[in-house]
Amino acid sequence: MMSIKHVLLALLLLIPATAAHAVCHDTVVMVHGNTGSPSDFVNTYNLLRQNGWSDAQIVRPSWGDPYCAACNDHNGSEETPVKNAISSAIAGSCSGRIDVIAHSMGVTLAMREIDKLGVASKVDTFIGIAGAVHGLWSCGVYPYNVLTSTCGTYGLSIGSPLLESFAGHRYGTHMYSFKSWIDEINCYGGVCTVDGVHTSSIPGEDASFDYPYGHYQLLWYTAADQMALIR
């Protein structure tokens with residue numbers, strides 16, 4: 001039978017191992033794209049968990065109608081899950097700051113919510129992967145040929161009021177974009193640029209990284225680079 005002394009000694013020996021797992025990381029918010037799901041970030045999630053992030057330090061909101069891409073925009077019900085995720089992540093972060101990694105339409109949705117909440121100073125690193133920050137040629141030029149919610153006033157048509165509202169704003173202390181010149185969504189008709197700038201580039205960004213991947217592969221195959229930027 002163990003004495004109290006032996007029990008206390010055993011507990012003391014466990015303290016360093018426990019402390020090693022209590023590393024303070026910024027909470028990471030991962031925002032999926034139009035008709036996507038939190039599982040789109042599975043590679044990034046698994047890599048972060050393997051490198052010391054706890055499950056509580058990773059927040060993956062689910063937003064939008066998963067069955068109607070043309071129905072989703074950046075206003076109303078689509079906003080609520082992302083807004084709540086960002087707010088709760090900041091409140092629960094051990095550092096008081098968060099990192100945001102977003103893909104596709106999730107990039108512009110995360111930008112809108114950070115802007116509306118006024119919390120850019122609480123975001124250490126913002127990574128936009130395959131976003132349409134400058135709009136989509138497939139959506140037309142606002143207000144002409146704008147046929148769906150996704151391309152409307154709160155959507156991704158070139159020059160939409162939503163996209164114009166982003167001008168000159170910041171979304172984190174550090175901002176990065178991941179882009180591709182063979183992106184089958186953002187490079188409609190083989191054209192990736194708007195006014196001479198790749199649509200996935202974020203004005204004022206620290207750096208932009210090019211990859212030879214498609215729209216979804218940009219997210220799936222860059223997990224290690226995502227983690228490197230938020231460490």
Item to complete: Give me the accessible area per residue for the chain, probe 1.4 Å, as a whole number in Å².
Response: 47 Å²
Fill in: ARG231, ARG97, ranked by accessible area, largest first (probe 1.4 Å)
ARG231, ARG97
Discussion item. Can you tell me, using C-alpha contacts under 8 Å and at least 6 residues apart, the relative contact order of the stretch 42-189 as a whole percent?
Written reply: 22 percent
Worksheet, complete the sentence: Toy charge model, Lys and Arg Cβ at +1, Asp and Glu Cβ at -1: the chain dipole around Cα centroid in debye, rounded to 20, equals 760 debye
Worksheet entry | Helix axis angle, 79-92 relative to the chain longest principal axis, alpha carbon, degrees | 30 degrees
Response to the item:
Percent relative contact order for the stretch 51-95, counting Cα pairs under 8 Å at least six residues apart, stands at 41 percent
Fill in: Summed side-chain charge close to CYS187 - residues other than CYS187 whose Cβ falls under 13 Å, Lys, Arg +1, Asp, Glu -1
-2
Discussion item. Taking the Cα centroid of the stretch 183-199 and of the stretch 39-96, what is the distance between the two, rounded to the nearest whole Å?
Written reply: 26 Å
Item to complete: Binning at 5 Å from 0, report for the chain what percent of all alpha-carbon pair distances ends up in each bin.
Response: 1, 7, 14, 18, 19, 15, 9, 5, 3, 2, 2, 2, 1, 1, 1, 0, 0
Fill in: Under 13 Å from the Cα of LYS83 - aspartates and glutamates, other chains or at least 8 residues apart
GLU113, ASP115
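Relative to the present Cα-Cα distance, how much length would full extension add between TRP220 and SER54 at 0.36 nm per residue of separation?
57.7 nm
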Response to the item:
The ³J(HN,Hα) series, computed from each phi in the stretch 40-49 with the Karplus coefficients 6.51, -1.76 and 1.60 at θ = phi - 60°, rounded to the nearest Hz and given as x for glycine or proline, is 4, 9, 4, 5, 5, 4, 4, 5, 5, 5
Item to complete: Rank HIS169, ILE202, ALA224 by how far each Cα sits towards the positive end of the charge dipole of the chain (+1 on Lys, Arg Cβ; -1 on Asp, Glu Cβ) and give me just the farthest.
Response: ALA224
Discussion item. Give me log10 I(q)/I(0) at q = 0.24, 0.26, 0.34 Å⁻¹ for the stretch 190-231, Debye formula, one equal scatterer per alpha-carbon, no solvent.
Written reply: -1.02, -1.10, -1.21
Worksheet entry | Placed amide H near VAL123: partners under 5 Å, 5+ positions off or other chain | ILE98, THR173
Worksheet item: Using modelled amide H (1.01 Å from N, peptide plane; none on Pro or chain starts), what sits under 5 Å from the amide H of ILE129, excluding residues fewer than 5 places away?
Response: ALA102, HIS103, SER104, PHE178
Response to the item:
Rounded to the nearest 10, the angle in degrees between the Cα long axis of helix 4-20 and the longest principal axis of the Cα atoms of the chain comes to 20 degrees
Worksheet item: Taking LYS179 as the anchor, which aspartates and glutamates have their alpha carbon closer than 15 Å to its alpha carbon, excluding any fewer than eight residues away along the same chain?
Response: GLU205, ASP206, ASP210, ASP225
Worksheet item: For the stretch 122-216, what class follows from the C-alpha gyration tensor (a ≥ b ≥ c being the square roots of its eigenvalues): rounded when a/c is under 1.5, otherwise prolate if a/b is larger than b/c, else oblate?
Response: oblate
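The values are calculated or read from the model by the stated rules, or taken from the named source; none is laboratory data. As the structure is a computational prediction, the values presented were derived from the model and not from experiment. All Cβ positions, glycine included, derive from the backbone under ideal geometry; neighbour counts span all protein chains shown. Just the protein is used for accessible areas: all its heavy atoms, side chains included, with ligands, DNA and RNA removed. Shrake-Rupley method; radii C 1.70, N 1.55, O 1.52, S 1.80 Å.
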